[in-house]
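The values are calculated or read from the model by the stated rules, or taken from the named source; none is laboratory data. As the structure is a computational prediction, the values presented were derived from the model and not from experiment. Every residue, glycine as well, gets a Cβ built from its backbone with ideal geometry; the counts of neighbours run over all protein chains shown. Keep in mind that these areas ignore ligands, DNA and RNA; they rest on the heavy atoms of the full protein, side chains included. Shrake-Rupley method; radii C 1.70, N 1.55, O 1.52, S 1.80 Å.
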2 protein chains.
Amino acid sequence: MGQDGAGINLETSLGYLLKEASSVLRTAMEEVLRPLGMTVTHYSCLELLAQRPGLSNSELARGAFVTRQSMNVLLQALERDGYVTRPAQAPVGKVLPTRLTPKGRRNLEKATAAVRSVELRMLAGLTDSEQAEALRILKAMIHGLTRIDQC
Amino acid sequence: MGQDGAGINLETSLGYLLKEASSVLRTAMEEVLRPLGMTVTHYSCLELLAQRPGLSNSELARGAFVTRQSMNVLLQALERDGYVTRPAQAPVGKVLPTRLTPKGRRNLEKATAAVRSVELRMLAGLTDSEQAEALRILKAMIHGLTRIDQC
DNA sequence: CACGGTATGTCAGAATGCTGACATGGGTCA
DNA sequence: TGACCCATGTCAGCATTCTGACATACCGTG
């Protein structure tokens, strides 16, 4: 079937390419995570907790790029299944610090390996200096877009 | 509130940064598109049609990174509101080539300007050669991820 | 020509995420 | 100290997208 016609300048738009790369990455992650019974948000939440134990619901939501409400639903499921624990009462304020259980940590290990293989495949054609450059450029893009907005 | 703690190596993961950049970009686009009564998918569809008139529903879906079914719902709404037209009967096969109406084209112009301003803000801190480098690197990432999969 | 394989448009149901709203706790500044 | 503002956790309703399924149309091979 005719997919890519001649040169369309959509392919020269960094915004479009960014969306495409993100979409392809997400699909690839879903594929390797599905056999483990995990979604991408599910994995993101666990990975965040492994690297920063004690994060709150809202902080996890920001880290996984979803709303507090969505993360809350996920956390309740994870808690019910024994992957994470939250104190019944907040030690300070209303913030409930979340922590991985040993079961959650074990579950995460397999997922991390799977995701790492995806990331390696993504970076296979890039040299170390290109990867460093990509990191710098992406941060610059994010920086430019998060400047208080509205002109 | 404590947002960014000390160095966490999430910030060195290209995959995570890619997701963050894409999320920030999408949010910024939603902000400038909302006053025009447009969503990002809505805009993507119109922009695709402007650059490649006569695209089918399925091709538009792939270009906007949604399913055929979602794009179909959107196209029905766009057709109902007079932004696009589709022949009642397929000239060949089942494929219904879609085209922008003058109204749709006018509507798109304002959106394109708004989105362009967002993209400019995103690229403000980058030199031309850095932008070209980013383009090359993103394509390489996509290429590495779309290789037939399943190693 | 008949055939399986693939792609398309479309309908319906299910899942996921988001918006709106509320009560509560903490910090700041007068 | 009291008032205000902001952030948090959580509940409920809504919107959007996805998954599953079907009939149809093309295209290659035998």
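In bins 10 Å wide, starting from 0, what share of all Cα pairs of chain A does each bin hold, as a percent?
Histogram of Cα-Cα distances, whole percents per bin: 9, 30, 32, 21, 7, 1, 0.
Among A:Glu30, A:Glu11, A:Glu59, determine the one that fluctuates most according to a GNM of chain A built with springs between C-alpha atoms less than 10 Å apart.
Residue with maximal mean-square fluctuation among A:Glu30, A:Glu11, A:Glu59: A:Glu11.
Check the straight Cα-Cα distances from A:Lys139 and name the lysines below 19 Å, setting aside those fewer than 8 residues away within the same chain.
A:Lys19, B:Lys19, B:Lys139
In whole percent, how big is the carbon plus sulfur part of the accessible area of chain B, probe 1.4 Å, protein atoms only?
Carbon with sulfur: 54 percent of the solvent-accessible area.
May I ask you to list the aspartates and glutamates whose Cα is less than 13 Å away from that of A:Lys103, ignoring any residue fewer than eight positions away on the same chain?
Within reach: A:Glu79, A:Asp81.
As a test of the definition: with a 1.4 Å probe, what buried accessible area, both sides summed, do you compute for A against B, in Å² to the nearest 100?
5500
Keeping all protein chains in the complex and leaving out DNA, RNA and ligands, what accessible area do you get for B:Val92 with a 1.4 Å probe, in Å² to the nearest 10?
100
Roughly what would the spin-label model give for A:Lys94 and B:Thr39, points 7 Å off Cα along C-beta, in nm?
Result for the modelled spin labels: 2.9 nm.
Would you mind getting the accessible area per residue of region B:12-121, heavy atoms of the protein chains only, 1.4 Å probe, in Å²?
52
Ignoring ligands, DNA and RNA, how do B:Thr12, B:Thr98 rank by accessible area with a 1.4 Å probe, largest first?
Putting B:Thr12, B:Thr98 in descending order of accessible area: B:Thr12, B:Thr98.
Return the calculated 222 nm mean residue ellipticity for chain B, to the nearest 500 deg cm²/dmol, obtained by summing -39500 (n - 2.57) across DSSP H runs with n ≥ 4 and dividing by the residue count.
When only DSSP H runs of four or more count, the value is -20500 deg cm²/dmol.
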